[in-house]
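Nothing in this text is a laboratory measurement; each read-out follows from the coordinates by a stated rule. Treat the numbers as computed from the prediction; the structure is a model and nothing was measured.
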Amino acid sequence: MNDTFVRHGVIYRQVRRAGLLALLELKYEANGPVVGWDVVLLVRRPKRAKIGGVIRDTAEIVEMMPPSEAWGRSAWSFDRLETAERKFLEVSES
């Protein structure tokens, strides 16, 4: 995963990482204020590509955000950095 990426109009910047666990800062504009923090367990899966008109998995592995339904189990959102850091430490130690 890149240190900074855009998903659904939100700019995410990786602040901290331990294996597949990441602490991400959220903004709506590059120079705008931080609007929140996410702690997520990233998902690894084969990259998909259209080959011969059919979408297939490739040998390349990519890291992705967990799906929306994973929130509360492998992803959490916070409005304060201190709270997000506590969750990051809690998950990284378990």
CD proxy at 222 nm, helix term only [per DSSP H run n ≥ 4: -39500 (n - 2.57); per residue of the chain; nearest 500]: -4000 deg cm²/dmol
Can you tell me the 0 to 90 degree angle between the C-alpha axis of helix 81-92 and the longest principal axis of the chain, rounded to 10? 60
Express the Stokes-Einstein translational diffusion coefficient of the stretch 1-68 in µm² s⁻¹, to the nearest whole number, given a Kirkwood radius over alpha-carbon pairs, 20 °C and a viscosity of 1.002 mPa s. 160
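At 0.36 nm per residue, minus the direct Cα-Cα distance, what do Ser68 and Arg13 gain on full extension? Give it in nm, one decimal, please. List each step's numbers first, then the result.
Details: separation 55, 0.36 × 55 = 19.80 nm, distance 1.85 nm.
Additional length available on full extension: 17.9 nm.
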Residue by residue through the stretch 66-75, which ³J(HN,Hα) values in whole Hz follow from phi under the Karplus form 6.51 cos²θ - 1.76 cosθ + 1.60 (θ = phi - 60°), with glycine and proline marked x? x, x, 3, 5, 7, 4, x, 10, 9, 7
Gain in span if fully extended, Asn2 to Arg86, counting 0.36 nm per residue against the direct Cα distance: 27.9 nm
